[in-house]
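The block underneath contains the structure these notes are about, expressed in structure tokens.
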Amino acid sequence: GEDEAMFVEYRKQLKLLLDRLAQVSPELLLASVRRVFSSTLQNWQTTRFMEAEVAIRLLYMLAEALPVSHGAHFSGDVSKASALQDMMRTLVTSGVSSYQHTSVTLEFFETVVRYEKFFTVEPQHIPCVLMAFLDHRGLWHPSAKVQSRTAYLFSRFVKSLNKQMNPFIEDILNRIQDLLELSPPENGYQSLLSSDNQLFIYETAGVLIVNSEYPAERKQALMRNLLTPLMEKFKILLEKLMLAQDEERQASLADCLNHAVGFASRTSKAFSNKQTVKQCGCSEVYLDCLQTFLPALSCPLQKDVLRSGVRTFLHRMIICLEEEVLPFIPSASEHMLKDCEAKDLQEFIPLINQITAKFKIQVSPFLQQMFMPLLHAIFEVLLRPAEENDQSAALEKQMLRRSYFAFLQTVTGSGMSEVIANQGAENVEQVLVPVIQGAVEYPDPIAQKTCFIILSKLVELWGGKDGPVGFADFVYKHIVPACFLAPLKQTFDLADAQTVLALSECAVTLKTIHLKRGPECVQYLQQEYLPSLQVAPEIIQEFCQALQQPDAKVFKNYLKVFFQRAKP
């Protein structure tokens, strides 16, 4: 509690002193730490826990007090490297990892992971440290605090020593088998680790398999061994959830299903551009996972929890499986658009953005098909009446509007504007009018900036003489006025950094209109639009000259001054 917080604060103060001493005399500090460390660890069995802890802590703190680049503590300065090597050797061979106090145990693991480069110099010590992680001192420790921290540190240790893990992979996978158990909410069975800590263990298992030197067939077999129990349990638990009557039981089953999906997701973090899923022969295993998890989207119970887990898995699979994931997207999207709330849509749209940005023209037919259903779902939520002072509903709608604009920005920015054009003239207007409203009516500079980016992109693509029928009218009727009405609002605060960015995009939009429509645009501003705003003739003249400047920056700067003067 409070005592511990005060102690941590006191330690911070001491650390500052230690770092200052290191600047004054690094040699003296190293010699002093070495003396304290060696004498304490020689007799650790009879030493009080606080002294054992502080001796290891001092070694741990040397890394920051005597910094080196990329953790290269065991090369370079020979006397320093050999002193640290000597202390690390003592630490891992002294048996102090068996000290019966959590603070000493934790300090041991923290230090071993901090100086992982030691094990590339003296790899013979890896087995005894692995054993410490994999027995009652680490992952099987009676203290939940030690278990939790060790799960994370073990994952880091394995990742950092990558290739040196090869001789121990199968042994490690066998020893962590029990920690991978999914604990369903029946018969009071509690898994050894919390689900958050199990995530680290699954990730570690994935890293060990993927980075191993085994051939692809063996990697695939090991990955299947890792993921098949999750898939089997998932099917059973989903059936139980469909039949569950009691709400509390439904919630705990849904949580467990969500953990299963999360664990499978986490194993995929081991893959990289070099070690792809295909090269490791693991595509099939993850496609099986997809087929197992997707039916959860049609479950009418606990929709939020289940959708959230499957959505995260899909995000990962788009990265890992690439186009192999595409056949699953239409039906998954259809289910996720059923009975959805603002939050569901907000979380679904980034998935569609990821697919659009990554696959572009490949997903054009899918986008065409789901474009209007998605828009209808969004507008239906946005048009729902809400209490006037309901802050959370207002915030949800604001975030959903932003998501909608981000979606349109992705579609237009990925060269997919045809998807919008093909929706028919009436629908195109339905798509774009909210963008005009977003630019003008809502005091949300982040959304306003996105709206102007969309508008300038569409003008660039469609604003010429060969653009879609009626778009030129839309430009003069809606887009040009938006570029003036938004900055003239009292809520458009030119002292705010985000608003200045929105104004900058507004300037880009006007420049693009001029570029595409030429003298016709200048004439419209000069003779019709600006006079309708009661702008003085000399200022109109000045504005049109600035607009025609080839340097866009000059116009951006001018626009800020123009609106500062124009505001009452």
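Restricting attention to the stretch 119-153, the residues that are in a loop (DSSP other than H, G, I, E, B) and either touching a residue at least 24 places away in the same chain (Cβ under 8 Å) or of a type in the set (A, V, I, L, M, F, W, C) (or both) total 8. Figure legend. Inter-residue proximity from the stretch 55-84: first residues under 23 Å from TYR99 (Cβ atoms), second residues in a loop (DSSP other than H, G, I, E, B), beta-carbon distance below 6 Å, spacing 6+ or different chains. Indicated pairs: LEU84/HIS73. Applying the criterion of being assigned to a loop (DSSP other than H, G, I, E, B) and of a type in the set (Asp, Glu) to the residues of the stretch 387-423, the residue that is most open to solvent (accessible area, probe 1.4 Å) is GLU388. Does the stretch 172-193 contain at least one residue that is closer than 22 Å to THR111 by Cβ, touching a helix residue (DSSP H, G or I) at 6+ places or on another chain (Cβ under 9 Å) and either open to solvent by 50 Å² or more (accessible area, probe 1.4 Å) or polar (S, T, N, Q) (or both)? No: zero hits.
The test for being surrounded by fewer than 17 Cβ atoms within 10 Å (Cβ to Cβ), under 28 Å from the mean Cα position of the chain (by Cα), among the small types (Gly, Ala, Ser) and not in a loop (DSSP other than H, G, I, E, B) holds for ALA251.
One residue stands out among those in the stretch 303-343 that are open to solvent by 50 Å² or more (accessible area, probe 1.4 Å) and outside any helix (DSSP H, G or I): the one that is farthest from ALA357 (Cα to Cα), which is ASP339.
I want to confirm something. Restricting to the stretch 460-480 and keeping residues that are among the small types (Gly, Ala, Ser) and surrounded by fewer than 17 Cβ atoms within 10 Å (Cβ to Cβ), which single residue is nearest to the chain's Cα centre (by Cα)? Result: GLY464. Those residues that are touching a Ser or Thr at 6+ places or on another chain (Cβ under 9 Å), within 17 Å of SER32 (Cβ to Cβ) and modelled with pLDDT under 95, I need them from the stretch 51-81; list them, please. Passing the criteria: only ALA63.
Cβ separations smaller than 6 Å between residues 6+ apart or across chains give the following pairs from the stretch 166-186 residues that are under 17 Å from TYR202 (Cβ atoms) to residues that are surrounded by fewer than 17 Cβ atoms within 10 Å (Cβ to Cβ) and of a type in the set (Ser, Thr, Tyr): GLU181/SER191; SER183/TYR189; SER183/SER191. Consider LYS457 carefully, then state whether it is at pLDDT 95 or above, open to solvent by 20 Å² or more (accessible area, probe 1.4 Å), of a type outside the set (Asp, Glu) and under 31 Å from the mean Cα position of the chain (by Cα). Answer is yes for this residue.
Apart from one condition, HIS259 fits all of (1) open to solvent by less than 50 Å² (accessible area, probe 1.4 Å); (2) at pLDDT 95 or above; (3) under 26 Å from ASN174 (Cα atoms); the exception is (1).
Of PHE492, PHE471, PHE484, all but one fail to be modelled with pLDDT under 95 and under 30 Å from GLY424 (Cα atoms); the exception is PHE471.
Matching residues to (1) over 18 Å from LEU458 (Cα atoms); (2) modelled with pLDDT of 90 or more:
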residue: ARG384; (1), (2): yes, no
residue: ASN389; (1), (2): yes, no
residue: LEU400; (1), (2): yes, yes
residue: SER403; (1), (2): yes, yes
residue: GLN409; (1), (2): no, yes
residue: VAL431; (1), (2): no, yes
residue: VAL435; (1), (2): no, yes
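Testing GLN275 on (1) surrounded by fewer than 21 Cβ atoms within 10 Å (Cβ to Cβ); (2) at pLDDT 95 or above, one condition comes back false. Which one is that? The failed condition is (2). Of all residue pairs spaced 6 or more apart or on separate chains, those with beta-carbon atoms under 6 Å, a first member in the stretch 395-418 that is under 15 Å from PRO434 (Cβ atoms) and a second member that is basic (Lys, Arg) are THR412/LYS457. Looking at the stretch 132-167 only, could you name the residues that are hydrophobic (A, V, I, L, M, F, W, C) and open to solvent by 50 Å² or more (accessible area, probe 1.4 Å)? Within the stretch 132-167, TRP140, ALA144 meet the criteria. Out of CYS451, CYS483, one residue alone is within 23 Å of LYS516 (Cα to Cα), part of a helix (DSSP H, G or I) and under 25 Å from the mean Cα position of the chain (by Cα). It is CYS451.
Taking the listed residues GLN541, GLN548, GLN534, the one that is modelled with pLDDT under 95, of a type in the set (S, T, N, Q) and at positive phi is GLN534, with no other qualifying. I want to confirm something. Restricting to the stretch 483-507 and keeping residues that are of a type in the set (D, E, K, R) and under 15 Å from ILE436 (Cβ atoms), which single residue is surrounded by the fewest Cβ atoms within 10 Å (Cβ to Cβ)? This residue is LYS489. Which one of the conditions (1) outside any helix (DSSP H, G or I); (2) out of contact with any Gly (no Cβ under 8 Å at 6 or more places or on another chain); (3) open to solvent by 10 Å² or more (accessible area, probe 1.4 Å); (4) not hydroxyl-bearing (Ser, Thr, Tyr) does GLU116 fail to meet, given that it meets all the rest? Condition not satisfied by GLU116: (2). Contact map, the stretch 358-386: first residue closer than 14 Å to GLU334 by Cβ and open to solvent by less than 20 Å² (accessible area, probe 1.4 Å), second residue of a type in the set (Ser, Thr, Tyr) and at pLDDT 90 or above, Cβ cut-off under 7 Å, separation 6 or more or different chains; pairs are LEU367/THR356; MET370/SER333.
Of all the listed residues (VAL78, VAL129, VAL54), the sole one being open to solvent by 40 Å² or more (accessible area, probe 1.4 Å) and closer than 26 Å to ARG11 by Cβ is VAL54.
The values are calculated or read from the model by the stated rules, or taken from the named source; none is laboratory data. Worth saying up front: this structure is predicted, and the values here are computed from it rather than measured. Using ideal geometry, Cβ is built from the backbone for each residue, glycine included, and neighbour counts are taken over all protein chains shown. Each accessible area value is taken on the protein alone, full model and side chains, heavy atoms only, with ligands, DNA and RNA left out. Shrake-Rupley method; radii C 1.70, N 1.55, O 1.52, S 1.80 Å.
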